[in-house]
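Worksheet for the structure shown next.
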Number of protein chains: 2
Amino acid sequence: MPNTDRCLFCRIVTGEIVAKKVHEDDEVVAFNDINPQAPTHVLVIPRKHIPTLDDLTTADTSIAGTLMVRSAQIARNLHLSSDGYRVVINTGEAAGQTVFHIHAHILGGRNFGWPPG
Amino acid sequence: MPNTDRCLFCRIVTGEIVAKKVHEDDEVVAFNDINPQAPTHVLVIPRKHIPTLDDLTTADTSIAGTLMVRSAQIARNLHLSSDGYRVVINTGEAAGQTVFHIHAHILGGRNFGWPPG
């Protein structure tokens, strides 16, 4: 269920806050990051409010798998596949997570260095 | 099925090449990255040979979900949850993918900058 009282991304899911969506279906919503770190920088989120990767349980396997499969499909639709792209999920503040609704960053359109931050 | 003729990670799955494994079960294998970029740097791979995220199909939803759920469990077992960690999947050479068997990098034990590479 959306957690519209507190969660920014749940409010994007419901449409209460407007984001530049690039994809949405029954399970996930994808939209442009407001502070892009690459020519293409999209966030993919499940509609279900799950705060972090650390909160995933085996009952969420299907949601987590759909998040990954859809991320690949969205990257393909955004023409990122041929040149490649990076998917990043931050868990916790030290890793850079700022919104506590699980989200996969898809970054593409440039080369990426190593380490990843 | 493992692709032992050509794939380094399939050969780790079968045990033909030795890696410092931190977890293995029927679906995934996790082992230390040989060129660590953080105090903890583990790779989590499905036993099934899937070259990249871009090769995932909806039929692989369960495998992809298990990869994520197990990554979170492994991070927990490695005591990364409280301070946070970053999960990275590179797709294609420009993104830094060097072994073409899908793998999730789990990096933890330090703070992470932004952008992620």
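Overview of values
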read-out: Chain A: relative contact order as a whole-number percent, Cα under 8 Å and 6+ apart; value: 29 percent
read-out: Distance (nanometres) between label positions extended 7 Å along Cα→Cβ at B:ILE17 and B:ARG76; value: 3.1 nm
read-out: Where N is the number of residues in the protein assembly as shown, Cα Rg divided by 2.2 N^0.38 Å; value: 0.94
read-out: Among B:ILE102, B:ILE50, B:ILE17, residue whose mean-square fluctuation peaks in a GNM of chain B (springs only between Cα atoms under 10 Å); value: B:ILE17
read-out: Computed over the range B:8-49: relative contact order in percent, which uses C-alpha pairs under 8 Å that are six or more apart; value: 33 percent
read-out: Most mobile listed residue (A:ASP26, A:ASP55, A:ASP83) in chain A, GNM with C-alpha springs under 10 Å; value: A:ASP26
read-out: Pairs of alpha carbons in the range B:29-107 whose separation is greater than 20 Å (percent); value: 28 percent
read-out: For B:GLY117, net neighbour charge (Lys/Arg +1, Asp/Glu -1) across residues whose Cβ lies under 13 Å away; value: +3
read-out: Helix axis angle, A:61-77 relative to chain A longest principal axis, alpha carbon, degrees; value: 40 degrees
read-out: Sum of side-chain charges, A:GLY92 neighbourhood, beta-carbon under 13 Å (Lys, Arg +1; Asp, Glu -1); value: -1
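Bear in mind that the values in this text are calculations on the coordinates, not laboratory data. Given the structure is predicted, the values throughout are model-derived calculations rather than measurements. With ideal geometry, Cβ positions are generated from the backbone for all residues, glycine too; neighbour counts draw on all protein chains shown.
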